[in-house]
Amino acid sequence: MTMTLCLDKGCRRQQQRQTDMAKKGRYVYEWPRPMVTVDAVVFSFSRGKARVLLINRKYEPYQGKWVFPGGFIELDEELEDAVARELKEEAGLVNIPLEQMRTYGTCGRDPRGRQITIVFMGIAGKGQTKLRAGDDAARARWFDIDKLPEDMGFDHNEMARFAIRRLKRKRVYRENVKRGRGGTA
């Protein structure tokens, strides 16, 4: 650890905290922290309609409810790697191009405690729509974006509405749905 000469109290306190953390271990805090998760909203096109991927939760909370694939990040894992891992583990999808869509952090969104999730959005290409449920998912299924389950787990109904609005502004949507062309399945 590189030490710099501190002349004010604030800098010395910060330096002392860093030294104390180094002695105690990397992740030592005296106050509660939120959990951080990632979720994947993945769309595909089939027979001129847009579909979105949902998984049916195998475990509590929200056992039996439909949600987007996702889960907790590992301490040494980048967000993009975490969402790709969760998508593979829970739905069997790999190499889906994903971009950060939005962050959700409303207090009470998860009954297990304070949780913040970073949501990624992507579109599965041709040959990328075969699903295989695994890990926390009892089932994985494509849903028509106009026929989603009414009572999804967590705050995923809100996520779905936001993602669908965003999808409808994209050129790929206009090319595959408005003209009625089936795209990628």
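Each value in this text was obtained by applying a stated rule to the coordinates, not by laboratory testing. Every value quoted in this text rests on a predicted model; they were computed, and no experiment measured them. All Cβ positions, even for glycine, are placed from backbone atoms using ideal geometry, and neighbour counts span all protein chains on display.
Calculate how large, on average over all directions, the projected area of the Cα convex hull of segment 26-150 is; give the answer in nm² to one decimal.
Averaging across all directions leaves 8.5 nm² for the Cα convex hull.
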Amide H contacts of M35 (H built 1.01 Å from N, under 5 Å, at least 5 apart or other chain): R114, Q115, I116
FRET efficiency estimate (nearest 0.05) - Cβ-Cβ, E74 to L148, R0 30 angstrom: 0.50
Spacing of the two label points (7 Å from each Cα toward its C-beta) at T106 and D135, in nm: 2.5
Cross-link pairs K65/K147; K126/K168; K65/K126; K49/K126; K58/K170; K88/K130 - those with Cα-Cα distance over 21 Å: K65/K126; K58/K170
Distant-in-sequence amide H partners of G48 (H built 1.01 Å from N, under 5 Å): G182, G183
Size of segment 62-126 as Cα extents on the principal axes (Å, biggest first): 37, 29, 20
